[in-house]
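The values are calculated or read from the model by the stated rules, or taken from the named source; none is laboratory data. These numbers were taken from a predicted model, which means no experiment stands behind them. Cβ placement follows ideal geometry from the backbone for every residue including glycine, while neighbour counts extend to all protein chains displayed. Areas reflect the complete protein model, heavy atoms only, side chains present, ligands, DNA and RNA absent. Shrake-Rupley method; radii C 1.70, N 1.55, O 1.52, S 1.80 Å.
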Amino acid sequence: QVQLVESGGGLVQPGGSLRLSCAASGSIFRIYAMGWYRQAPGEQRELVALISIDGTTNIGDSVKGRFTISRDNGKNMVYLQMNSLKPEDTAVYYCNINGGRTQYWGQGTQVTVSS
């Protein structure tokens, strides 16, 4: 059984930083990409950042230049470094693994940006 566990969320002031981590456990036949999505209340889930197996990244326009994604292939971990946080970054952040025919999701971690 595959499990994704996120950590690192919390409350931070505008302009601050947070680092999210996601640890994947269990048997995954093949990983095409790992990434982060977020969902604010009343909004649709949106892509934050993706990193493929070859290291290619895709960063959402709203966070480009502020957020960085990285991964440790050997440990099946993915990280999201979030800098210069804004109140509009407030959301539940979900870790995702694209396993081809199967998508895996974490339970989400809350990020709140507020003074």
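Summary of computed values
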| item | result |
| --- | --- |
| Matching residues in region 26-61 - criterion: being part of a loop (DSSP other than H, G, I, E, B), at pLDDT 90 or above, of a type in the set (G, A, S) and on the phi < 0 side of the Ramachandran plot | A40, G60 |
| Selected residue [under 11 Å from the mean Cα position of the chain (by Cα), farther than 12 Å from Y93 by Cβ and open to solvent by 30 Å² or more (accessible area, probe 1.4 Å)] from L11, L50 | L50 |
| Matching residues in region 99-115 - criterion: being of a type in the set (S, T, N, Q) and farther than 14 Å from A40 by Cβ | T102, Q103, Q107, S115 |
| Region 97-115, residues that are closer than 13 Å to Q3 by Cβ and either among the polar types (S, T, N, Q) or without any contact (Cβ under 8 Å) to a residue 40 or more places away in the chain (or both) | Q107 |
| Matching entry among N96, N76 (being at pLDDT below 95, surrounded by 16 or more Cβ atoms within 10 Å (Cβ to Cβ) and of a type in the set (S, T, N, Q)) | N76 |
| Pairs, first part of a loop (DSSP other than H, G, I, E, B) in region 71-89, second modelled with pLDDT under 95 and surrounded by 15 or more Cβ atoms within 10 Å (Cβ to Cβ), C-beta under 6 Å, six or more apart | N76/A24 |
| Residue in region 26-40 that is of a type outside the set (D, E) and without any contact (Cβ under 8 Å) to a residue 12 or more places away in the chain present | no |
| Condition broken by G65, with the remaining ones in (1) in a loop (DSSP other than H, G, I, E, B); (2) touching a strand residue (DSSP E or B) at 6+ places or on another chain (Cβ under 6 Å); (3) open to solvent by 40 Å² or more (accessible area, probe 1.4 Å) satisfied | (2) |
